[in-house]
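> The following block contains the structure, expressed as structure tokens.
Quick note: the coordinates plus some simple rules give every number you see, no bench work behind them. Bear in mind that the values here come from a model prediction, so they are computed numbers and not experimental data. No Cβ is skipped: glycine too gets one built from the backbone with ideal geometry, and neighbour counts run over all protein chains shown.
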Amino acid sequence: MSELTDGLEYILDWLESTNLELFDCYNPGLTRQQIDKIVKDLPFKLSEEIYELYQWRNGIADLGFNNYYPPVEFLFPNQLFSSLPTSFSTLQDSVSNYYDFWQFEQSNMMDKPFDDYKGWDQKWFPIALFENKRILYVVGDIEPSPVYFIDFIFIENPLRVYKSLTSMISVIAECCELGLYQLIPDESGEEDDMIIRIDEEKLELEKEIYQKYNS
């Protein structure tokens, strides 16, 4: 396996060892041919890392309550600091979201809200989001692509930038290994809902790990 797939599998194994009731809440991966068919009309090429990601798993499954055991959604950074999960989108949803964002951007460009307005770029491809507010995206035609984590309201100022998808997953996997995350009850959720949060006393160590893979 590659470093990226190794990291993804490590995170999933860590989740299962942390919470015995956790199930694999991700869809099975796609074949390369299936990915090619889904993305064939995009105006850019996706990086090999994105192909590898969707060959590993195709986003969060729509499982409902799954016999009253809700999934712990954990893969991308926003979930470590916020109660709003940035869910790993299926490739089909990512393509649909891309066209929605770009259509919205084209309408804005016809009537800019202000002179220096800068919005969604045509080569930005979303792979995870929360209600179109917090978004994780990669850039088409770049190999490997950086990964940007943004608040859509402040699109020009990313919350974080990773050198690549591999570097982002490596940061999360190492934080799992070193015990920086904790599984706690979700006070705003249902009785059995759990969330994963970074230990606030270990925030500086998390920043050091981020720098290690992204300097």
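> Pairs to check: Lys37/Lys123; Lys40/Lys212; Lys45/Lys163; Lys45/Lys133; Lys40/Lys163. Give those whose C-alpha atoms are more than 28 Å from each other in this structure.
The pairs that break the limit, which is 28 Å between Cα atoms, are Lys40/Lys212.
> From the phi angles alone, apply the Karplus equation (6.51, -1.76, 1.60; θ = phi - 60°) to the range 43-52 and give each ³J(HN,Hα) in whole Hz, x where the residue is Gly or Pro.
Residue by residue, the range 43-52 yields x, 7, 9, 7, 6, 4, 4, 5, 4, 5 Hz.
> Sort 7-13, 169-175 for me by packing, meaning the mean count of neighbouring Cβ atoms within 10 Å per residue, highest on top.
Per-residue Cβ counts within 10 Å, averaged per peptide and sorted highest first, yield 169-175, 7-13.
> Quick one: net charge around Arg160, please, counting Lys, Arg +1 and Asp, Glu -1 for every other residue with C-beta under 12 Å from its C-beta.
Combined, the nearby Lys, Arg, Asp and Glu give +1.
> Let's test the formula: R0 of 41 Å, r as the Cβ-Cβ distance of Thr5 and Glu156. What FRET efficiency results, to the nearest 0.05?
FRET efficiency, Thr5 to Glu156: 0.80.
> Still on this structure: Less than 12 Å Cβ to Cβ from Asp151, Lys/Arg counted +1 and Asp/Glu -1: what total charge do the surrounding residues give?
Surrounding charge for Asp151 is +1.
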